[in-house]
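The values are calculated or read from the model by the stated rules, or taken from the named source; none is laboratory data. Owing to the predicted nature of the structure, the values given are computational and were not obtained by experimental measurement. So basically every Cβ, Gly included, is an ideal-geometry build from the backbone, and we count neighbours across all protein chains shown.
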């Protein structure tokens, strides 16, 4: 009978130890892990908000690069430019400026990135305003003063390192400063062009 009492005591002390609950250290560690997880989640949320706020500027940069590329292809397709003119200034008969340029309207030639763009004035975007209709009195003009564009046209080389006379690569770079963060961002558009339509 004495052995039964000792066994009962051992069982009851094990139950008390197993049902004791969490210690203060375990609670503190779990709170730290939870805090780190929540702070990380808030950081991701903040980053997503910052990217959303600059998405309009990203779209404008993409559009500026595309309109420049389209003007080059249109000038080639309409025979407005000769194949020799589709090059940067300083490489023979090329007409495209080499450095980063402010965003101007297309000049008299209708091609973006050439010397006559300066006389055409700065390009702006028209926003439809509060009524959502273009061409009304409340339209908003958005200046593109923080944007710069560069058109680089280079010959493509064959496997021996010789330039291919009927193929060039076009790289259009648009740089702009994100209004929310002040960070300079870059959008690059690459394409190829040949003298053939």
#### Entry: Any chance residue 190 is over 12 Å from residue 61 (Cβ atoms) and part of a loop (DSSP other than H, G, I, E, B)
no
### Test result for residue 95, over 15 Å from residue 63 (Cα atoms), without any contact (Cβ under 8 Å) to a residue 40 or more places away in the chain and touching a strand residue (DSSP E or B) at 6+ places or on another chain (Cβ under 8 Å)
yes
### Message
If I ask for residues that are assigned to a strand (DSSP E or B) and more than 11 Å from residue 61 (Cα to Cα), which ones from region 155-179 would you list?
### Response
155, 156, 157, 163, 164, 165, 166, 167, 168, 169, 170, 171
### Summary
Taking first residues from region 52-80 that are at negative phi and surrounded by fewer than 18 Cβ atoms within 10 Å (Cβ to Cβ) and second residues anywhere that are at pLDDT below 95 and in a helix (DSSP H, G or I), the pairs with Cβ under 9 Å that are 6 or more apart or on different chains are 58/51; 80/74
### Qualifying positions in region 153-183 - surrounded by fewer than 19 Cβ atoms within 10 Å (Cβ to Cβ), within 20 Å of residue 123 (Cβ to Cβ) and modelled with pLDDT of 90 or more
173, 175
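Yes/no per residue for (1) touching a strand residue (DSSP E or B) at 6+ places or on another chain (Cβ under 8 Å); (2) more than 30 Å from residue 105 (Cα to Cα); (3) in a helix (DSSP H, G or I):
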position	(1), (2), (3)
39	no, yes, yes
43	no, yes, yes
46	no, yes, yes
51	no, no, yes
57	yes, no, yes
66	yes, no, yes
71	no, no, yes
#### Entry: Filter result (under 24 Å from residue 117 (Cβ atoms), part of a loop (DSSP other than H, G, I, E, B) and within 26 Å of the chain's Cα centre (by Cα)) within region 128-154
144, 145, 146
### Task
Being part of a strand (DSSP E or B) and without any contact (Cβ under 8 Å) to a residue 24 or more places away in the chain is the filter; apply it to region 108-127 and report the residue that is surrounded by the fewest Cβ atoms within 10 Å (Cβ to Cβ).
126
### Query
Hey, among 136, 179, which residue is within 30 Å of residue 50 (Cα to Cα) and out of contact with any strand residue (DSSP E or B) (no Cβ under 9 Å at 6 or more places or on another chain)?
179
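Listed here are the residues, each with its yes/no results for (1) more than 30 Å from residue 168 (Cα to Cα); (2) modelled with pLDDT of 95 or more.
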residue: 18; (1), (2): yes, no
residue: 66; (1), (2): no, yes
residue: 108; (1), (2): no, no
residue: 116; (1), (2): no, no
